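Written out below as structure tokens is the structure these notes cover.
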Amino acid sequence: MNWKKQSEILELRSHPELIRNISILAHVDHGKTSLSDSLISSNQIISPKLAGKLRYLDSRPDEQARCITMKSSSISLIYPMQETSYLINLIDSPGHVDFSSEVAAALRVCDGGLLLIDVVEGFCAQTYTVLKQSWDEGIRVCLVLNKIDRLINELRMTPEDAYKHLNSIVEKVNAVVSGFYYEKRGRVVDDESDEESFFFKPELGNVAFSSALDRWAFTLREFADIYAKKMGFNPKALCSCFWGEFYYNPKSKKVVKKKFSEKCQPMFVQFVLEPLWRIYDCIMINKNPEKLTSMLEKIDIAVSQRDMSYLNNEPRTTLQAVMSSWMPIDKSILSMIVRNLPSPIKAQGERIKVIAPALEEKCPELFTSVSACDQAGPISVFVSKMVSIDPSIHINRKPGEEIDYNETLIAFSRVFSGTLTRNTPIYVIENKGDVIECLIEKLYLLMGQYLIPVDSAPAGTIVGIGSLEHVVFKTGTLSSIPDCPTFTPIPHKASPIVKVSVQPVNLYDMNSMVQGLQMLDRSDNSIEVYVQDNGEHIIAVCGEVHLQRCIKDLEENFAKVPVTVSEPLVSFKETIVLEGKQFTDITPNKLCSMTVSAYPIPEHILNFLDEKQEVMKQIFGVFAKPSTELKSAFIEEFKNLLTTCPQPLKTLIEEHLFSFGPRRAGNNMLIYKEKKSILESSEPKEETKEESESGDENGSSTNASKFSGCDFDLPNAFIAGFDLANNSGPLCGEPLRGVCFVIEEVKISNSEETKDPYGPFQGQVICTMRDACRGAVLANSPRIVEGMYECTFQTTQEHIGRLYAVINRKRGKIVQEILTEGTDMYVCKTFLPVVESFGFSDELRIMTSGAVMPQLTFSHWQMIVEDPFYTHKTQEQLEEFGEQPILENLPKSIINKVRRRKGLATDEKLVIHADKQRTLTKMR
């Protein structure tokens, strides 16, 4: 990068009204990186002819090999418009569902976005996800309908059919936005005109039509300026007529809303699409140089003779030269960004209540500074992620510079107020509230894969911060005020469900691997790294592609040692199908017995509890201090769901619900008949000392707090045992889901003994409660619950039969198959078990020669209906199959596999026929 351009960027950073921080959002393979290449070429960083081929912001080798983006990358561009230069901080974000956390991290530091849609594939699953993420972050978005060339070259649509197809896509996107708008959210818009600003309307200039591959794009504004001079119309009025049912009458030279003849066409078709179709027809199909020369003279475009010489052999090269001269993609897209997306000054005033709701109350001075994007105010910075770098490759050094750059991670950050400078002390406020003071040693201007050291970063800019790799964990808030509240944590749409165990190939590399895992955990917002009780190091990721990237980073960037990766450890759950059967257990000292029964929780209540996990933590958590309004709203909504709950479970929950679990905020319940329901009052009720010590005079009590010289709270011991049972079910040690336990009876006998050989009585009660819950699960016909992916893919008729064969072999279920109107493309939606998903994407690509790219997102948990303990019992079954169990019992095989992995005992017979086994041994 030349120093003149760099100095211009640094100058513009001090003018926040001239800054636009935007992110490109789209489904995978919809053209994000090709578009970003075209925009980058406008600053002469790469050649325009390499746009779409170089993939400049995909700096990782595996990104280039797979042709997908895995990490969000930022670059600063300058765009001059109307004698004013604007600074565009552009972020290319991934479209693959495994990297949704990268999209969330990019959106937090941005003020606007470009939503790309492939006009052939239409509105896809990940398109919905990224649009929802941008809405939740308070981001204003412009729409780009990309790959319009496919409507011409592949689908052979007429201009009028193409207009109807484009209009249907815009309407579908607006329907989704309308659903977001009317959801209950913290942001309230009273003005109806402001409501209209959220929708995409081509006539307002917030919709662009493009082909990133052919390097052209336009908005209606460009065509309105061209035709307004010829027709004598006001450009703004003409622009509003270019979309919708408007027709131009050449005789009266007026625009009318009704057809005046059968052959008349909408103005968008007549004045926009038909000229475009004629150029494509002339270059790509007819390859007529005389006709092309005549057309170029009419639109006043000059193309070099060299580009014209490619017409017969490489017509796309000629097409790119013509279209990039007529409708340059960088000019159309960047001007749309400047006109329609907000600057940091405007955006932060709108987003402040979304990203930092507690700031106004706890720190008014900083709230005012952030709202106004004040570069002279107190410092406020948010770190959205940590990025791994190689200092020897990525950092651009000044000539003669001798500073030692040894960072492995830099903080990808946004400055919201103040001016951050080098060698400035700063406070790091973690999400848990801990405050650490540190020194900012290095700052970097982000230019794709390269980092340029700078001395300062004013408010409204995106910056890389060094020297924080051992201070910031994943995300964090930086401020010059130690009492500054943290920004809202970044929400993650994709939760890690795929787990693997890793260990070094050479045991002496264990310390290096552990340190590498710590760095990997810091660098990825959606990964979880922990150590199991048996000492295994576990990595939990969002999917197969995410796993491959993490292992590559661990071996090459962080640990730099070879590691061995286990088979994927897929999470399961355990549940029950019967209800009411009881199980009684007694403590080892025979002084306390308890009877527990179990009931399955209805599915609609279970879904409600899954959705309200965070709310339940705030209300019922161990250290929760909920507001009365929040608790009352939850209880009211929960009681409304109980009206459809079957008896006797409905009455038990309403009158005696004692706790949710695990950790008092899960999707399991504990009923204690000696206690009143926690749903009865919205006010927290504290148990008095007299109540806690009250006991039955005859020596039997359910509220005894003293026994064998030990003071403890018996109900809390029940909750502790209940949590242990929730975390490790009886089948294979997996968590329970959707089970309601009822403590039917508790008998405690007082004793005068001062010593108990079985240890503290409280521990005995906890273990007995755990075993009683597990026994109740086994008594009520337990089942295995497996995670299900929602798999969405698009394919043609020729591949659909082979795809269905693969899906059926993987135990998938096809739930939707829609033929896209005007195409031969089918959009298929399938539910696929997570345990069967490994290798599924590769198998589909092999079967279709790379034509299908499935998107796997976690959907729900589904119970396997087969009984893991089913055996042949009737006389007919015994005569036909013998006494051996069914060999292909799916849940039983899953249980044995999980138990073997965890080192638990299995009931598999190693030797089935001892005589035959001995004979075979002798024959050897």
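How much net charge surrounds GLY516 when only the other residues with a Cβ under 15 Å from the Cβ of GLY516 are counted, with Lys and Arg +1 and Asp and Glu -1? Don't skip to the answer; put the middle values down first.
Values: positive: ARG522, ARG549, LYS552, LYS560; negative: ASP390, GLU469, ASP509, ASP521, ASP524, ASP553, GLU555, GLU556.
That sum, taken over residues with Cβ under 15 Å, equals -4.
For LYS257 and LYS230, what does the FRET efficiency come to when R0 = 35 Å and r is the distance between their Cβ atoms, rounded to the nearest 0.05?
About 0.95, to the nearest 0.05.
Too long at a 21 Å Cα-Cα cut-off: which of LYS147/LYS201; LYS230/LYS251; LYS164/LYS201?
none
State which entries of LYS229/LYS263; LYS631/LYS813; LYS49/LYS172 exceed 31 angstrom in Cα-Cα distance in the structure shown.
Pairs exceeding the cut-off: LYS631/LYS813; LYS49/LYS172.
Taking the Cβ of ILE538 as the center, what net charge do the other residues with Cβ under 9 Å away carry, scoring Lys and Arg +1 and Asp and Glu -1? Provide the component values of the computation, followed by the final result.
Details: positive: LYS499; negative: GLU528, GLU536.
Surrounding charge for ILE538 is -1.
Considering only the other residues whose Cβ falls under 14 Å of the Cβ of GLY903, what net charge follows from Lys and Arg at +1 and Asp and Glu at -1?
So the environment of GLY903 carries a net charge of +3.
Please find the FRET efficiency linking GLU579 to LYS747, where r is the Cβ-Cβ separation and R0 is fixed at 22 Å, and quote it to the nearest 0.05.
Calculated value: 0.40.
Would you mind computing, in nm to one decimal, how far apart the modelled labels at LYS590 and ASN511 are, each placed 7 Å from Cα along Cα→Cβ?
5.5 nm
Set the bar at 28 Å for Cα to Cα. Now go through LYS258/LYS331; LYS385/LYS560; LYS258/LYS291; LYS362/LYS474 and name every pair that lies beyond it.
Checking Cα-Cα distances, LYS258/LYS331; LYS258/LYS291 exceed 28 Å.
Divide by every residue of the chain the summed helix terms, -39500 (n - 2.57) for each DSSP H run of at least 4, and state the resulting mean residue ellipticity at 222 nm, rounded to the nearest 500 deg cm²/dmol.
Rounded to the nearest 500, the figure is -10500 deg cm²/dmol.
Write down the accessible area per residue of the chain in Å², having rolled a 1.4 Å probe over the full set of protein chains.
Values: 42540 Å² over 924 residues.
Averaged over the residues of the chain, the accessible area is 46 Å².
How far apart, in nm, are two points set 7 Å out from the Cα along the Cα-to-Cβ line at SER392 and at LEU641?
Roughly 5.6 nm, to one decimal.
How tilted is helix 544-553 with respect to the longest principal axis of the chain? Cα atoms for both, answer in degrees (0 to 90, nearest 10).
The angle comes out at about 90 degrees.
Let a ≥ b ≥ c be the square roots of the eigenvalues of the Cα gyration tensor of the chain; is it rounded (a/c under 1.5), or, if not, prolate (a/b larger than b/c) or oblate?
Because a/c hits 1.5 or more and a/b exceeds b/c, the chain counts as prolate.
What does the extension gain come out to for GLU614 and ASN313, with contour length at 0.36 nm per residue minus their alpha carbon separation?
102.3 nm
Carbon and sulfur: what percent of the chain's accessible surface (1.4 Å probe)?
50 percent
Please report how far the C-alpha centroid of region 60-93 lies from that of region 477-537, rounded to the nearest whole angstrom.
Spelled out, the Cα-based centre of one part sits 27 Å from the other.
The values are calculated or read from the model by the stated rules, or taken from the named source; none is laboratory data. This structure is a prediction, so every number in the text was calculated from the model and none was measured. Every residue, glycine among them, receives a Cβ derived from its backbone with ideal geometry; neighbour counts consider all protein chains shown. For the accessible areas, the whole protein counts, side chains as well, though only heavy atoms, and no ligand, DNA or RNA atoms are used. Shrake-Rupley method; radii C 1.70, N 1.55, O 1.52, S 1.80 Å.
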